[in-house]
Amino acid sequence: MSHHESPSRVLDWSIQPPYLYSPYVATVRRAPHHPLVPLPASLLERTGPVYGEGDIGPLDHDLTKNAAKNGEPLGERIIVTGRVLDESGRGVPGVLVEIWQANAAGRYIHKNDQHDAPLDPNFVGAGRTLTDDQGYYRFITIKPGAYPWRNHHNAWRPAHIHFSLIGRNFSERLVTQMYFPGDPLLKYDPIYQGIPNIKARERLIASFDLETTRPEWALGYRFDIVLAGYDRTYFEEEP
């Protein structure tokens, strides 16, 4: 790697999913048909932008309250926490972490989602927060449900939460998914199975965390994310 090349672009392709993975049908349409052309990192990419705490509201991290209209959202309340790390294993402060997800019935609030499942008037399924000085983040939400997605016969997506991270500059950009332990749909899901390395796949499964769990209120899950570098967390390529 030259000193002009962005470290975030040098990835371990034994753990990153290929651009073309035919069981994931959307990749057949979107995968590049010619060799990629690497671009050197610009000064702007290495140095900006910077996001301030003023953009984050006091309830933005709590999806059970940030869209409530006339009560609590339906479903199992959970706490999701973790640490955002750099390529050296150090916590990264000030990272903008955004999540979006289906509701407990497996339905998104989106015009393209016509799944025959109810919407929840008290749950919009989106939130955001900033990591603290040690790189930790925390969300309160509802455990999402599985939903059909017509990729193949009788295809259902496992319960998952989408994550978007923007770090200290444009090179620290990551979009990924978090899954739940013990989900029987994982072995049938081509997005999850498209990751060639088994240990890399397992890094996308949150771990149950008793320390985060609040007695008589909510189960806790831990999901750590490597933001940049050779061993960064799998980058989700949306269709």
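Only one of (1) open to solvent by less than 10 Å² (accessible area, probe 1.4 Å); (2) assigned to a helix (DSSP H, G or I) fails for residue 139. Which number is that? Exception for residue 139: condition (2).
Any residue at all in the range 144-153 that is on the phi > 0 side of the Ramachandran plot, at pLDDT 95 or above and part of a loop (DSSP other than H, G, I, E, B)?
Taking the range 144-153 and keeping what is on the phi > 0 side of the Ramachandran plot, we get 150.
Those still in the list that are at pLDDT 95 or above too: none.
The answer is no; no qualifying residue exists.
Restricted to the range 166-181, and to residues there that are over 21 Å from residue 18 (Cα atoms) and touching a strand residue (DSSP E or B) at 6+ places or on another chain (Cβ under 9 Å), the residue that is modelled with the lowest pLDDT is 167.
Among the numbered criteria (1) open to solvent by less than 50 Å² (accessible area, probe 1.4 Å); (2) not in a helix (DSSP H, G or I), which single criterion is violated by residue 219? Result: residue 219 fails condition (1) only.
Give the residue that is surrounded by the most Cβ atoms within 10 Å (Cβ to Cβ), with candidates limited to residues of the range 192-205 that are in a helix (DSSP H, G or I) and in contact with a helix residue (DSSP H, G or I) (Cβ under 9 Å, 6 or more places away or on another chain). Steps first, answer last, please.
First, the residues of the range 192-205 that are in a helix (DSSP H, G or I): 192-193, 198-202.
Checking which are in contact with a helix residue (DSSP H, G or I) (Cβ under 9 Å, 6 or more places away or on another chain) leaves us with 192-193, 201.
Numbers: 192: 23, 193: 16, 201: 18.
Applying the filter and picking the extreme gives 192.
Of all residues in the range 43-67, those satisfying the criterion of being among the small types (Gly, Ala, Ser) and either open to solvent by less than 50 Å² (accessible area, probe 1.4 Å) or modelled with pLDDT of 95 or more (or both) are 48, 52, 57, 67.
Collect the residues in the range 68-100 that are in contact with a Lys or Arg (Cβ under 8 Å, 6 or more places away or on another chain), more than 26 Å from residue 156 (Cβ to Cβ) and open to solvent by 50 Å² or more (accessible area, probe 1.4 Å), keeping them in residue-number order. Across the range 68-100, the qualifying residue is only 87.
With respect to the conditions (1) open to solvent by less than 40 Å² (accessible area, probe 1.4 Å); (2) modelled with pLDDT under 90; (3) of a type in the set (A, V, I, L, M), residue 39 lacks only one, and its number is (1).
Scanning the range 101-118 for any residue that is open to solvent by 10 Å² or more (accessible area, probe 1.4 Å) and part of a strand (DSSP E or B) turns up nothing.
Yes or no: residue 132 among the acidic types (Asp, Glu) and modelled with pLDDT under 95? Before you say what the answer is, go through the steps one by one.
Details: among the acidic types (Asp, Glu): yes; modelled with pLDDT under 95: no.
Answer is no for this residue.
For the range 103-119, the criterion of being under 15 Å from residue 66 (Cβ atoms) and out of contact with any Phe, Trp or Tyr (no Cβ under 9 Å at 6 or more places or on another chain) is satisfied by no residue at all. For the range 121-131, the set of residues classified as buried (at least 21 other Cβ atoms within 10 Å of the Cβ) and part of a loop (DSSP other than H, G, I, E, B) consists of 123, 125, 131, listed by residue number. Out of 169, 122, one residue alone is touching a residue at least 24 places away in the same chain (Cβ under 8 Å), closer than 16 Å to residue 63 by Cα and more than 14 Å from the chain's Cα centre (by Cα). It is 122.
Output the residue which, of all residues in the range 84-100 that are part of a loop (DSSP other than H, G, I, E, B) and of a type in the set (Gly, Ala, Ser), is farthest from the chain's Cα centre (by Cα).
So the first thing to find is which residues in the range 84-100 are part of a loop (DSSP other than H, G, I, E, B), and the list is 86-90, 92-95.
From what's left, of a type in the set (Gly, Ala, Ser): 88-89, 94.
Values: 88: 21, 89: 19, 94: 17 Å.
Looking at residues that are part of a loop (DSSP other than H, G, I, E, B) and of a type in the set (Gly, Ala, Ser), I get 88.
Considering the range 171-191, and only residues there that are touching a helix residue (DSSP H, G or I) at 6+ places or on another chain (Cβ under 8 Å) and open to solvent by 10 Å² or more (accessible area, probe 1.4 Å), the residue that is farthest from residue 206 (Cα to Cα) turns out to be 171.
The values are calculated or read from the model by the stated rules, or taken from the named source; none is laboratory data. The model shown is predicted, which means the values in this text are computed figures rather than measured ones. Please note: Cβ atoms are built from the backbone with ideal geometry, for glycine as well, and neighbour counts cover all protein chains shown. Calculation scope for accessible area: heavy atoms of the full protein, side chains included, ligands and nucleic acids excluded. Shrake-Rupley method; radii C 1.70, N 1.55, O 1.52, S 1.80 Å.
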